[in-house]
Amino acid sequence: MSMQIAHNISLKKFNSFGIDAIARNYASFNSVQSLTELIEDHHAQILQSHFILGGGSNILFTKPLLNEFVLKNEIKGIQLIREDDEQFFVEVAAGENWHQFVLHCIQNGWAGVENLSLIPGNVGASPIQNIGAYGVEVRDVIESVQAYHIAEKTLHHFSFTDCAFGYRESSFKSKWKNQFVITKVVFRLNKKPVYKTNYGAIENELEKMGITNLSIQSISDAVINIRSSKLPDPTVIGNAGSFFKNPAISKEQFEALKNQHPQIIGFQNQNGTMKVAAGWLIEKAGWKGYRLGDAGCHALQALVLVNYGKANGSEILELSEKIIHSVQDQFGILLEKEVNIL
Ligand code: FAD
Ligand code: EPU
C-alpha cells in the first residue's frame with residue numbers, strides 16, 4: 001500500500017488530449033487505505049480544491065497551471081465475488097484499465113461488456129458518465145459502486161438506483177460532482193451471452209470478418225475494428241473521444257429540420273424525444289477536417305476534436321465554442337460538451 005506525492009509535475013502523459021498542464025500538487029494512491037491517509041494528511045488543502053484523475057481520457061485541461069490537488073486513482077484488482085445460476089458478480093478496483101477488464105471478461109466467458117471494447121480510461125470513471133457504445137451502456141451491467149466521500153471521510157455503497165444513470169450522466173457527474181472518489185465497481189455479468197449486434201455497423205463488420213458463429217470474442221473484435229477505422233488513436237493524435245453529446249430535441253423540431261435537411265440523422269429516445277447525430281450537424285456546418293494551428297475537428301469523425309501536437313487546452317475550448325455557435329446558428333440546436341473541462 002502506498003501513496004506518492006509530487007509537486008509541479010507535467011500531466012501531459014496523463015491526459016489523452018496530450019495537453020501540457022502542470023499540477024502544483026499531485027498524489028497517486030493504490031489502496032483505499034492510502035487514499036484515506038492522503039485525505040487525512042491534506043484534508044484542508046484537498047477540500048479547498050481537488051481533481052480526481054483516472055486515465056485522463058475525458059478531460060481537457062485549459063489552464064497551464066492547475067491549482068487543484070490532483071488525486072490519481074491507481075487502486076488495482078479484479079475479483080469474482082459470487083455467482084448464481086445466471087450471473088457472475090465481479091468486483092473491480094477503480095484504477096484498473098477499462099479495456100483490459102473487458103478483455104479479462106472475454107477470456108473468462110463473462111458476457112455483457114464486449115460491445116464496450118476499446119473505450120479508453122479506467123473502471124472507476126465508467127459510472128461517472130455511464131460510458132456507452134454500440135448499443136450498450138455500462139449501467140446495463142453495474143450492480144453497485146463503492147466510493148469515498150472526501151469531505152466526510154467516509155466510505156459509501158451505492159446501489160444501481162442511487163447512481164441515477166442516464167445518457168452520459170449519473171449522480172456522480174451531476175449532484176455529487178467532485179464529492180466522491182469511486183474506489184470500486186461491482187459488475188453483473190451473464191453466464192449466457194445476450195448478443196447485441198443490431199447497432200449500426202456491427203452486423204456488416206461481422207459479415208466482412210466472415211463470422212458465422214457469434215461469440216463475445218467476435219463481437220469485441222468487430223467493435224475494435226469499427227472503432228479503429230474512425231476514431232483517432234490518442235497515442236498518435238490527441239483527443240478525448242466525442243467532445244459533445246448527441247443532443248435530444250422534440251419530435252416537432254426534428255420533423256421541421258428534416259423538411260429542410262432530409263439527410264439529418266436521428267433516433268427515437270425512450271421518452272419520445274429525438275437524439276440527433278451531433279457528428280452529422282457539425283459536418284454539415286462545415287467543420288469536419290477543419291484545423292487552426294494544432295487544434296482541429298477530426299476528418300473521419302466530426303464529433304471528435306483533436307490536438308495535432310502543440311495545441312493548448314484553451315485553443316481546443318475556443319474551437320469547441322465556435323462549433324457550438326455555428327451549429328446553434330444553422331440548426332437552432334445547442335450542443336452540450338461531453339468532455340470535462342478544467
Ligand atoms: P478521466 O478522464 O480521468 O476522468 C473523467 C471524469 O471522471 C473527471 O471528471 C474525473 O474527475 C472523474 N473521475 C475519474 N475517475 C474517478 C474516480 N475514481 N472517482 C471519481 N471521479 C472520477 N466514452 C464513452 O462513453 N463511449 C465511448 O465510446 C468513448 N470512446 C472514446 C474514444 C476515445 C479515443 C477517447 C479518447 C475517449 C472515449 N470516451 C468514450 C471517453 C472516455 O473514454 C470515458 O469517458 C472514460 O470513462 C474516461 O475514463 P478516464 O479514467 O480516462 O477518466
Ligand atoms: N456522422 C456523420 N458525420 C460525422 C460523424 C458521424 O454524419 O462526422 C453520422 C454517422 O454517419 C452515423 C451517426 O452520425 O450515422 C452516428 O455516428 P457514430 O456511429 O460514429 O456515433 P456517434 O453518435 O458519433 C456515439 C458516441 C460514441 C460511441 C459511438 C458508438 C456520443 C456522444 N458518442 O458517437 O462515444 O463510441 O456512438 O456507439 O454519444 C464518446 O462518448 O466519447 C464516444 C466516442
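Throughout, read-outs are computed from the coordinates displayed, never taken from laboratory work. Predicted, not measured: the structure shown is a model, and the values here were computed from it. Cβ placement follows ideal geometry from the backbone for every residue including glycine, while neighbour counts extend to all protein chains displayed.
I'd like the distance between the alpha-carbon centres of segment 1-67 and segment 287-331, rounded to an integer number of Å.
27
Which lysines, if any, have their Cα less than 27 Å from the Cα of residue 230, not counting same-chain residues under 8 positions apart?
Result set, ordered by chain and number: 12, 13, 196, 208, 245, 258, 275, 284, 288, 310, 322, 337.
Taking 0.36 nm per residue of sequence separation and subtracting the Cα-Cα distance, how much length would be gained by fully extending the chain between residue 258 and residue 143, in nm to one decimal?
Contour length minus Cα-Cα distance gives 37.4 nm.
What is the sum of charges, Lys and Arg at +1 and Asp and Glu at -1, for the other residues whose Cβ falls under 13 Å from the Cβ of residue 27?
Net charge in that neighbourhood comes out at -3.
Compute the distance in nm between two label points, each set 7 Å from the Cα along the Cα-to-Cβ direction, one at residue 271 and one at residue 167.
Placing both labels 7 Å beyond Cα along the Cβ direction yields 1.0 nm.
What list of ³J(HN,Hα) values in whole Hz, one per residue of segment 243-252 in order, does the Karplus curve 6.51 cos²θ - 1.76 cosθ + 1.60 (θ = phi - 60°) give from phi, with Gly and Pro shown as x?
Calculated HN-Hα couplings, in order: 7, 10, 7, 6, x, 9, 10, 6, 4, 4 Hz.
With each pseudo-label sitting 7 Å past Cα toward Cβ, what's the residue 97-residue 340 distance in nm, one decimal?
Modelled inter-label distance: 2.0 nm.
Hey, got the dipole for segment 1-154? About the Cα centre, +1 on K and R Cβ, -1 on D and E Cβ, debye to the nearest 20?
Details: 9 positive and 17 negative charges, 173 e Å.
My answer is approximately 840 debye.
Can you find, among 73, 111, 254, the residue sitting farthest towards the positive end of the charge dipole of the chain, where Lys and Arg contribute +1 and Asp and Glu -1 at Cβ?
After comparing all options, I get 254.
Express in nm, to one decimal, how much length is gained between residue 198 and residue 310 on full extension, taking 0.36 nm for each residue of separation and deducting their alpha carbon distance.
Answer, rounded to one decimal: 36.4 nm.
For the pair residue 178 and residue 45, how long in nm is the line joining their label points, each one 7 Å along Cα→Cβ?
So the two model labels end up 1.7 nm from each other.
Starting from 0.36 nm per residue, how many nanometres of slack lie between residue 108 and residue 62 once their C-alpha separation is accounted for? Please report the intermediate quantities before stating the final value.
Numbers: separation 46, 0.36 × 46 = 16.56 nm, distance 4.09 nm.
Full-extension gain reported as 12.5 nm.
Just to verify a number: FRET efficiency for residue 212 and residue 300, C-beta to C-beta distance, R0 = 22 Å, to 0.05?
Calculated transfer efficiency: 0.15.
Please work out the Kirkwood hydrodynamic radius for segment 6-73, using every pair of different C-alpha atoms, and report it in angstroms with one decimal place.
12.2
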